[in-house]
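Okay, structure first, notes after.
The values are calculated or read from the model by the stated rules, or taken from the named source; none is laboratory data. Remember, it's a predicted structure, so these values are computed and weren't measured experimentally. With ideal geometry, Cβ positions are generated from the backbone for all residues, glycine too; neighbour counts draw on all protein chains shown.
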Amino acid sequence: MKISVIIVCYNMRREIPRTLQSLRPDYQRRGESLDYEVLVIENGSSEPLEPGTVEAFGERFQHVSLSDAPPSPAYAVNEGVRRSTGDVVCIMVDGAHLLTPGVLDQAERVFRAYEHPVVGTRYFFLGPGQQNETMLEGYDQAREDALLEQINWPEDGYRLFQIGSPLRFPGELQSTWFNKIIESNCLFMTRNTYQEIGGCDERFDIPGGGFMNIDLFRRAADHPATSLVLLVGEGSFHQVHGGTTTNVTPEYRDREVARYGQQYEELRGEAFRATSEPFHYFGHLPNEASKIHRRSYDK
């Protein structure tokens, strides 16, 4: 079984090297024995990655630059899947994410345990809270760099839980490993499942993709042949980089989300609602990950 990790990036010179570090075979558990490739799809960056940045991480890593890319990442994801060779695809729509060391190992185990799984990884922010809020209190790239240095990252990737905060989904008062999710920035499915659901819908043409990623999650989860599995004890951690909804003020985010919802309704003929399919849970619980609902430290 081969896994193809598809990473979309736009103006991420600072973030992509760390993302790729978290996918190195000597960082990922059983990385040397796992069969996987990493494709970085640069989606029309005005400040592209320096030549050789991606390839420096080894022969598993490949850089694809799209010169006339649409502002939405939908085409870039689909192009990445077309160029990939794995039986399983892992979609990372926002390339500015660090993974914990067991993500690929645990996902691969799920695909051996289930016939047609869709595997989600829980979304975290680096820093003391939701980045829309913490950036207003002074959280920035310099503070993030200091936090990563403080935990000696990447020496032990599970220390990310010490400096990260789980994304709060609508209606959540407290985050636990067993809360349901509506999207994942590290989403696995078989290539056949991806093709059967039609991949990313390129009609989601708003910069950043709007609800494209949650639409992909919903359609994959609702496919009659799939089982929806959420990893326990692993995470995907968002770095500050000026994301379209993650690194803007709450007011701006709310206006954009309303616009995304309107487009979704126009395309799907109904307002977005979360999948009603049951969640399965798979994984382990490293000590650092055991109390995500009690994260507290100095800002």
Leading residue by the ranking (nearest to residue 195 (Cα to Cα)) among those in segment 68-88 that are outside any helix (DSSP H, G or I) and acidic (Asp, Glu): 87
When the residues of segment 166-187 are filtered to those that are among the β-branched types (Val, Ile, Thr) and under 29 Å from residue 81 (Cα atoms), which remaining residue is surrounded by the fewest Cβ atoms within 10 Å (Cβ to Cβ)? 182
Can you name the number of the only condition in (1) free of Cβ contacts under 8 Å to residues at least 60 places away in the same chain; (2) exposed (fewer than 15 other Cβ atoms within 10 Å of the Cβ); (3) basic (Lys, Arg) that residue 60 fails? (2)
Residue count, segment 122-160 (criterion: surrounded by fewer than 20 Cβ atoms within 10 Å (Cβ to Cβ), out of contact with any strand residue (DSSP E or B) (no Cβ under 6 Å at 6 or more places or on another chain), part of a loop (DSSP other than H, G, I, E, B) and small (Gly, Ala, Ser)): 1
Within segment 21-43, take every residue that is of a type in the set (Gly, Ala, Ser) and surrounded by fewer than 18 Cβ atoms within 10 Å (Cβ to Cβ) and give me the one that is farthest from residue 8 (Cα to Cα). 33
Options 7, 3; residue that is within 16 Å of residue 234 (Cβ to Cβ), touching a residue at least 40 places away in the same chain (Cβ under 8 Å) and assigned to a strand (DSSP E or B): 3
Filtering segment 97-121 down to residues that are touching a Ser or Thr at 6+ places or on another chain (Cβ under 7 Å) and in a loop (DSSP other than H, G, I, E, B), which residue is surrounded by the most Cβ atoms within 10 Å (Cβ to Cβ)? 121
Residues of segment 183-227 being of a type in the set (Ser, Thr, Tyr) and closer than 19 Å to residue 96 by Cβ, in sequence order, are 184
Do any residues in segment 141-155 that are more than 17 Å from residue 16 (Cα to Cα) have Cβ atoms under 6 Å from those of residues that are surrounded by 13 or more Cβ atoms within 10 Å (Cβ to Cβ) and of a type in the set (Val, Ile, Thr), where the two are at least six apart or on different chains, and which pairs are they? 147/163; 151/163
Filter segment 238-255 down to residues that are surrounded by 17 or more Cβ atoms within 10 Å (Cβ to Cβ) and modelled with pLDDT of 70 or more, then give me how many there are. 5
Can you tell me which residue in segment 166-192 is farthest from residue 268 (Cα to Cα), limited to those that are of a type in the set (Val, Ile, Thr) and in contact with a helix residue (DSSP H, G or I) (Cβ under 6 Å, 6 or more places away or on another chain)? 176
Return a yes/no flag: does segment 75-89 have any residue that is touching a His at 6+ places or on another chain (Cβ under 7 Å) and crowded, with 18+ Cβ neighbours inside 10 Å. no
Restricting to segment 10-55, name every residue that is touching a residue at least 24 places away in the same chain (Cβ under 8 Å) and of a type in the set (S, T, N, Q). 11, 19, 21, 22, 28, 43, 45, 46, 53
Which condition breaks for residue 88 when tested against (1) touching a strand residue (DSSP E or B) at 6+ places or on another chain (Cβ under 7 Å); (2) at pLDDT 95 or above; (3) farther than 21 Å from residue 183 by Cβ? (3)
